[in-house]
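A.B. asks: Have a look at this one.
The values are calculated or read from the model by the stated rules, or taken from the named source; none is laboratory data. Note that the coordinates shown come from a computational prediction; the quantities given were computed from them, not determined experimentally. Each accessible area value is taken on the protein alone, full model and side chains, heavy atoms only, with ligands, DNA and RNA left out. Shrake-Rupley method; radii C 1.70, N 1.55, O 1.52, S 1.80 Å.
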Amino acid sequence: VAKNTKKESYEFFSPELLDSSIRKQEITSALQQALGNGEFSVHYQPQIELSSGRVIGFEALLRWNSTLGAVPPSEFIPVAEECGSIHSIGEWVLREACEQLSVWRQEGRPDVHVSVNVSAKQFLDLEFAEKVSAILSATDVPAKCLEIEITESVMIDLDTAAGLVEELQDIGVKLAIDDFGTGYSSLNAVKNIQIDTLKIDKSLVDEVLGSDRSMAILATIIELGKNLGADVVVEGLETLEQVDLMRQYEIIGQGYYFSRPLPADKAVRVWDKYLEQPEGLFHAPILY
Ligand code: C2E
Ligand code: MG
Ligand code: MG
Ligand code: MG
């Protein structure tokens, strides 16, 4: 007799459960029309080299103004992954980001990269690299200006992931590991693939002021990134105190202190202020 090791689980009917499943259904159904209705947009958040105050890139962050109102990516991305629309949505974000890059390049703006978040499901699609390549040629953007942000979750299929990473490296796009330090196997992720950028999660930065232990951990992760030959980005810098503390390291900062994610036209205004007075931003946040 086979032993039943699986614990029995009971799901009690609850209004909360019903609410969340209705909400999920609403999102799933609203997602079907979202691309066609032009409900998505991309916001851009600058990444700043702390040693110089130079904007070296922007992270592209998806925004959805849906028939249900504004729904944050933390809510709709998991649903899009589940219902499969992540493929078309993700491709749209990539194209949109590259088109924006192309416009900035044509305007003669300084070279920057744009970092695009790609979910594991989208990344592990065997045609992903081909799609990226097609978008780069169509928009006439050099591969090195595009950075793909993945998380350790792509490691669920290490063989596929390793192959795709190689294809992307051949194309010349950069690869970042996002939310480093939050998962179970962050070290495993950077051990198995060669990355260009290590993005340290906000949660690791939040506690450093006032905690020597947190600071020791953060400093060690920064060192790890550098020893791996990667650029290090610290996410979620919100205060001047945090920025000042981070300036002693040769790293890149991203966070509300510098700018919230903004539509391209507004992001450009912030960018221009940083071009005018790169040092100024270390004395007071730029208001926009
Ligand atoms: P992420 O890639 O780690 O992006 C950083 C998130 O932190 C963004 O939230 C950004 O708005 C927020 N953030 C930046 N600076 C600060 C700060 O100083 N303080 C605080 N409290 N938050 C800050 P957002 O835009 O809501 O995105 C959440 C997550 O959704 C992203 O986390 C990413 O995992 C996912 N996401 C966003 N856009 C896309 C996309 O186009 N495709 C995919 N697959 N995922 C996306
Ligand atoms: Mg990201
Ligand atoms: Mg992150
Ligand atoms: Mg994330």
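A.B. asks: May I ask you to derive the relative contact order of the range 151-288, considering only C-alpha pairs under 8 Å and at least 6 residues apart, and to give it as an integer percent?
C.D. replies: 17 percent
A.B. asks: A further question follows. So if each residue of separation counts as 0.36 nm, and I subtract the Cα-Cα distance between D212 and L18, what length gain in nm does that give?
C.D. replies: My answer for the length gained is 65.4 nm.
A.B. asks: How big is the gap, in Å, between the Cα center of the range 59-133 and the Cα center of the range 171-227?
C.D. replies: Cα centroid of the range 59-133 versus Cα centroid of the range 171-227: 22 Å apart.
A.B. asks: Right, something else. Using modelled backbone amide H atoms (1.01 Å from N, in-plane), which distant-in-sequence or interchain residues come within less than 5 Å of H113's amide H?
C.D. replies: Amide H neighbours of H113: G57, F58.
A.B. asks: Next question. Work out from phi, with θ = phi - 60° and the Karplus expression 6.51 cos²θ - 1.76 cosθ + 1.60, the ³J(HN,Hα) of each residue of the range 50-64, listed in order in whole Hz, and give x for Gly and Pro.
C.D. replies: 5, 6, 10, x, 7, 7, 10, x, 9, 8, 7, 10, 6, 10, 10
A.B. asks: Here is the link list: K131/K191; K144/K191; K191/K226; K174/K202. Which ones come out longer than 19 Å on Cα distance? Walk me through the numbers on the way to the answer.
C.D. replies: Details: K131/K191 26 Å; K144/K191 23 Å; K191/K226 14 Å; K174/K202 21 Å.
With Cα atoms farther than 19 Å apart: K131/K191; K144/K191; K174/K202.
A.B. asks: Something else now. Roughly what angle does helix 158-171 make with the longest principal axis of the chain, taking Cα atoms, 0 to 90 degrees, to the nearest 10?
C.D. replies: Orientation of helix 158-171: about 40 degrees from the principal axis.
A.B. asks: Would you work out the relative contact order for the range 92-235, in percent, from Cα pairs under 8 angstrom that are 6 or more residues apart? Let's see the in-between values first.
C.D. replies: Numbers: 194 pairs, mean separation 27.1, N = 144.
Computed value for the range 92-235: 19 percent relative contact order.
A.B. asks: Follow-up. Taking a ≥ b ≥ c as the square roots of the eigenvalues of the Cα gyration tensor of the chain, is the shape rounded (a/c under 1.5), prolate (a/b larger than b/c) or oblate?
C.D. replies: Because its axes are fairly even, with a/c under 1.5, the chain counts as rounded.
A.B. asks: Once the piece of chain linking K266 and Q32 is laid out straight, how much longer is it, given 0.36 nm per residue of separation minus the C-alpha distance between them?
C.D. replies: Result: 81.3 nm gained on full extension.
A.B. asks: So in the chain, what percent of DSSP beta bridges are antiparallel if you round to the nearest 5?
C.D. replies: Rounded to the nearest five, the antiparallel share is 45 percent.
A.B. asks: Using a probe radius of 1.4 Å on heavy atoms only, what accessible surface per residue do you get for the range 172-252? Whole Å² is fine.
C.D. replies: About 49 Å² of surface per residue is accessible.
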